[in-house]
Amino acid sequence: MATDCDVAIIGAGHNGLVCAAYLAKSGLKVKIFERRPMVGGAAVTEEFSPGFRNSVCAYTVSLLNRKIVDDLDLYGFGLEIIERPLANFMPVDGQSYLKGHADQARMKKEIARLSKNDAANLDSYEETLARLAGVLQAFVLETPPNVGDGIGGLWRLWKAGRRFQAMDLEDQRDFADIMTLSADRFLRRWFEHDTVRALFAFDGVVGNFASPTMAGTAYVLLHHCFGDILGRPGAWGHAIGGMGAISQAMARAAEKAGVAIETNCPVKSVWIKHGIAQGLVLEDGRQISARAVAANIPPKLLFDKFLDQNHTPPAFRKRMMQIQSGSGTLRMNVALRELPDFQCLPGTDQGEHHTAGIILAPSIDYMETAYRDARDYGWSRHPIVEMLIPSTIDRTLAPPGQHVASLFCQHFAPKLSGGRSWDACREAAAQAVIDVVNAVAPNFRSSIIAKTILSPLDLERQFGLVDGDIFHGALTLNQLFSSRPTLGHADYRMPVAGLYLCGSGAHPGGGVTGAPGHNAAREMIRDL
């Protein structure tokens, strides 16, 4: 039977674009259908006030896989990534602060101001984390062993086991610990000072609705450290032009390979006949026939909205609906007249600290309280905030002398209790964020020209991120590797023949990596 294409893809987010590019480069005819007016999904740059542009959701780059960048020649298609001059800056109060330096010697000197013992232990911690990140990195572009997959699954399981067996016994023990412990407990092995632990523990709660004392947060910390796009594991940088520059380069690579992309083109459902995916039904009434379908959307959304429940096993659909999700995240962009004037480092002239990831969460107790507030009330009275001011290193984003800032904020419950709606509470929650920044930089509120706010509900409505989950499902132990999205379907193949999952709900999970798209394409090419 003639088909419109070999593969039809739902969603032109970065993983959909990567998947499409690899499929097309192998000689397959590929079409992508995107609901929004632009490609990129959550990795987009938009003007939110006249003259002010910024990354809308995803806001910093590190985890983007180097092999994918090279294979698709993203630098050749205009991508430019630069490292932040300073990794992190954590104001503690009106007088004290802690800077996070990429240079190890400077970092040890900085930590020694607070604790000489912690400074002495930094090398051991960084070496341990680098080894563990290396283990994780080795599996990023692998298809996980699939339970019930016969000889193929057994072969992948044997290879994975051999990798672990080759590890030093102490590394095996550390890996087992970081997969199960809380970030705080893991960090206590090296660091006694609360501010030092808080600086590192922050990565354990980014996009994770949990406190750093909860089991599993150590793994989320590790997940944020396996990137090496800047040539140094764990380094974080900025894509010139914002995160949309990444997805735009991917779109150009995909189109050069022959991919057809339709925007403003929402998908209604996956077209299934005799238990096999036949293509897509679009909201405009068209039927797109294809040999296979790839979904770059959260598995919860796929099985709830795009598949008739009669076409999937009831037990499997129920399990998809029970996927743990909800990042507890609120995202803001602000246009600023001037740079924040921090009490601990006064001045609105640009300083090194203005170029950093500015972390406002000075202690483990602060983070714990923020989580409890959100769990009990709906959002933190004193949120955890990471603020980046990308216009300090990328002058394309704001008018001369003015700036844009990204604020990535925890914790904000995906669903509010008591019949409350995020539409009614959005502004009050945003004011709590502004209060936190203003407490350490008293000119912040008065310097705001314009702002945009994305509550968990906004993230779901605008970007399809169910429960506002930036990872398409929590990075919990029961939702990783062979269990992502669930046991028996970790190989990107869904229970409907010809249907594949290519987004962050598949291994290796969330972040702007491109890895799920890369891996799903490999399995589809094998099948097709």
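Select from region 171-200 the residues that are more than 18 Å from ASN121 (Cα to Cα), assigned to a helix (DSSP H, G or I) and hydroxyl-bearing (Ser, Thr, Tyr) and list them in ascending order.
THR180
Going by the conditions given, is LEU339 in contact with an Asp or Glu (Cβ under 9 Å, 6 or more places away or on another chain) and hydrophobic (A, V, I, L, M, F, W, C)?
When the stated conditions are applied, LEU339 passes them.
Identify the residue in region 202-243 that is of a type in the set (A, V, I, L, M) and touching a strand residue (DSSP E or B) at 6+ places or on another chain (Cβ under 6 Å) and, among all such residues, is most open to solvent (accessible area, probe 1.4 Å).
Top of the filtered list is LEU230.
For region 313-336, enumerate the residues that are touching a Lys or Arg at 6+ places or on another chain (Cβ under 8 Å) and either closer than 22 Å to GLU46 by Cα or open to solvent by 20 Å² or more (accessible area, probe 1.4 Å) (or both).
Matches in region 313-336: MET321, SER325, MET332, ASN333, VAL334, ALA335.
Which residue, of GLU47, GLU80, is surrounded by fewer than 17 Cβ atoms within 10 Å (Cβ to Cβ) and within 13 Å of ALA239 (Cβ to Cβ)?
Just a single option satisfies the conditions, and that option is GLU80.
Taking ALA58 as the residue in question, decide whether it is buried (at least 18 other Cβ atoms within 10 Å of the Cβ), more than 30 Å from VAL436 (Cα to Cα) and not polar (S, T, N, Q).
In short, no.
For region 102-150, enumerate the residues that are closer than 24 Å to PRO362 by Cβ, under 24 Å from the mean Cα position of the chain (by Cα) and crowded, with 19+ Cβ neighbours inside 10 Å.
If the condition is that a residue be closer than 24 Å to PRO362 by Cβ, under 24 Å from the mean Cα position of the chain (by Cα) and crowded, with 19+ Cβ neighbours inside 10 Å, then LEU129 is the only one that fits.
Which numbered condition in (1) surrounded by 24 or more Cβ atoms within 10 Å (Cβ to Cβ); (2) at pLDDT 95 or above; (3) out of contact with any helix residue (DSSP H, G or I) (no Cβ under 7 Å at 6 or more places or on another chain) is the only one that ILE246 fails?
So the condition that ILE246 fails would be (3).
Would you call ASP184 at pLDDT 80 or above, over 30 Å from VAL385 (Cβ atoms) and open to solvent by less than 50 Å² (accessible area, probe 1.4 Å)?
Considered against the rule, which asks whether it is at pLDDT 80 or above, over 30 Å from VAL385 (Cβ atoms) and open to solvent by less than 50 Å² (accessible area, probe 1.4 Å), ASP184 comes out as no.
Modelled with pLDDT of 95 or more, within 22 Å of ALA130 (Cα to Cα) and either surrounded by fewer than 16 Cβ atoms within 10 Å (Cβ to Cβ) or of a type in the set (A, V, I, L, M, F, W, C) (or both), is that true of ALA198?
Spelling it out, ALA198 is indeed modelled with pLDDT of 95 or more, within 22 Å of ALA130 (Cα to Cα) and either surrounded by fewer than 16 Cβ atoms within 10 Å (Cβ to Cβ) or of a type in the set (A, V, I, L, M, F, W, C) (or both).
Considering ASP458, ASP469, ASP435, ASP491, which residue is closer than 19 Å to CYS19 by Cα, in contact with a helix residue (DSSP H, G or I) (Cβ under 9 Å, 6 or more places away or on another chain) and of a type in the set (D, E, K, R)?
None of the other options fit; the residue is ASP491.
Yes or no: region 396-415 includes at least one residue that is open to solvent by less than 30 Å² (accessible area, probe 1.4 Å) and either more than 25 Å from the chain's Cα centre (by Cα) or acidic (Asp, Glu) (or both).
no
If you go through region 369-384 one residue at a time, how many are touching a helix residue (DSSP H, G or I) at 6+ places or on another chain (Cβ under 7 Å) and crowded, with 24+ Cβ neighbours inside 10 Å?
4
Could you check region 51-93 for strands (runs of 3 or more DSSP E) lying wholly inside it with 2 or more residues that are modelled with pLDDT of 95 or more and of a type outside the set (Val, Ile, Thr)?
52-55, 88-91
Okay, residues lined up against (1) of a type in the set (S, T, N, Q); (2) outside any helix (DSSP H, G or I); (3) in contact (Cβ under 8 Å) with a residue 12 or more places away in the chain; (4) over 26 Å from VAL205 (Cα atoms):
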residue	(1), (2), (3), (4)
GLN350	yes, yes, yes, yes
ILE359	no, yes, yes, no
ASP365	no, no, yes, no
ALA398	no, yes, yes, yes
VAL404	no, yes, yes, no
CYS409	no, yes, yes, no
ARG420	no, yes, yes, no
GLN431	yes, no, no, no
ALA439	no, no, no, no
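For region 278-307, how many residues meet the condition of being in contact (Cβ under 8 Å) with a residue 24 or more places away in the chain and more than 29 Å from the chain's Cα centre (by Cα)?
Number of matching residues: 5.
Take LEU339 and tell me if it is hydrophobic (A, V, I, L, M, F, W, C) and over 25 Å from ALA42 (Cα atoms).
Judged against the criteria, LEU339 is a match.
Return a yes/no flag: does region 459-481 have any residue that is open to solvent by less than 10 Å² (accessible area, probe 1.4 Å), at positive phi and not in a strand (DSSP E or B).
Yes: region 459-481 contains one or more residues that are open to solvent by less than 10 Å² (accessible area, probe 1.4 Å), at positive phi and not in a strand (DSSP E or B).
Could you check region 268-326 and list, in sequence order, the residues that are touching a strand residue (DSSP E or B) at 6+ places or on another chain (Cβ under 9 Å), of a type in the set (A, V, I, L, M) and in a helix (DSSP H, G or I)?
LEU301, LEU302, listed by residue number.
Please go through region 482-505 and give me each residue that is crowded, with 24+ Cβ neighbours inside 10 Å and of a type in the set (Gly, Ala, Ser), ordered by number.
Hits for region 482-505 are ALA490, GLY503, SER504, GLY505.
I need the full set of residues from region 171-188 which are in contact (Cβ under 8 Å) with a residue 24 or more places away in the chain, charged (D, E, K, R) and more than 14 Å from PRO212 (Cα to Cα), in order please.
ASP171, ASP174, ASP177
The values are calculated or read from the model by the stated rules, or taken from the named source; none is laboratory data. Everything quoted here is computed from the prediction, not taken from an experiment. Here the Cβ is made from the backbone with ideal geometry for all residues, glycine too, and neighbour counts use every protein chain on show. What goes into the accessible areas is simple: the full protein's heavy atoms, side chains included, and nothing from ligands, DNA or RNA. Shrake-Rupley method; radii C 1.70, N 1.55, O 1.52, S 1.80 Å.
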